[in-house]
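Heads up, the thing below is written out as structure tokens.
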């Protein structure tokens, strides 16, 4: 399956990498790249995940925004709708199963799921993104040059692999 879509997966990786480099906000970078190549991800979802950048409000303490973006993309296809509250649907089970696949791969590769854990793994330490000096050091260490950009690219690629494997067709 992956070989058939290798160029598509590479394009998705590159697009998320580029968006993270140019615009920041890793969850939006991941979602926007996936939206460029798949139907079914609304602009409102991209807007809604903005505050999850940097581990949630740039705190570093919550889930890495890139992972949030990938999970939101999967949920755009398999997540529970409001009208389904209280129902145990087949899609609900799929959503958790597919999301878990992404979360496990992400954690294995980046040493954890929080922004702080990912920063330690890819940049060598975690940074206080609210502190101007620390943020400057983060950028100097390659934060948006080749570190978080790679995390966003990889996450978008892995998410696309899961979507393709589960039968979500790319745009033609």
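Readers should treat all values here as calculations from the given coordinates under stated rules, not as data from a laboratory. Only a predicted model underlies this, so the values are computations on that prediction, with no experimental measurement involved. Cβ placement follows ideal geometry from the backbone for every residue including glycine, while neighbour counts extend to all protein chains displayed.
Quick notes
- Burial order of peptide ranges 76-89, 105-118, 55-68 (average beta-carbon count within 10 Å, highest first): 55-68, 105-118, 76-89
- Residues residue 93 and residue 23, FRET efficiency given R0 of 45 Å [Cβ-Cβ distance, rounded to 0.05]: 0.85
- Least to most buried among 144, 50 (fewest other Cβ within 10 Å first): 50, 144
- Value of D in µm² per second that Stokes-Einstein yields for the chain, Kirkwood Rh from Cα pairs, at 25 °C (0.890 mPa s): 153
- Applying 1/(1 + (r/R0)^6) with r as the Cβ-Cβ distance of residue 141 and residue 51 and R0 = 22 angstrom yields a FRET efficiency of 0.40.
- Rounded FRET efficiency, nearest 0.05, which uses the C-beta distance separating residue 169 from residue 109 and R0 of 25 Å: 0.40
- Label-to-label distance, residue 125 versus residue 83, with points set 7 angstrom from Cα along the beta-carbon direction: 5.3 nm.
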